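Read through the structure below, which is laid out as structure tokens, and then see the notes.
Readers should treat all values here as calculations from the given coordinates under stated rules, not as data from a laboratory. In this text the structure is predicted, and so the values were computed from the model without any measurement. Note that each Cβ is placed from the backbone with ideal geometry, even for glycine, and that neighbours are counted across all protein chains shown.
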Amino acid sequence: MEQLQEEKNGDEELRKLKHDIKNQLSNIHLALEQLRYEIPNPNTDCLFYMDTISISSHRINTLLKETD
């Protein structure tokens, strides 16, 4: 009985963690879109960093979806 309750608590904690991570990823995506809008002619380095952040955040989001 106690083990079942611990699993239930663990599932709830995981759900909260995934939710919090997804919220932060949304903020990152919005900030990247704003940067792309505000920097009309980004240099190669800037594009590289923005693309790297975008790809990495999408990978994290995919990993979270796979745990559902």
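Computed quantities for the displayed model
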| item | result |
| --- | --- |
| Among (i) 1.23; (ii) 1.40; (iii) 0.98, the entry that matches Rg/Rh (Cα atoms, Kirkwood Rh) as calculated here | (i) |
| Cα centre as origin, Lys/Arg/Asp/Glu Cβ charges: the chain dipole, Debye | 260 debye |
| Sites GLN5 and GLU66, calculated FRET efficiency, Cβ-Cβ separation with R0 30 Å, nearest 0.05 | 0.70 |
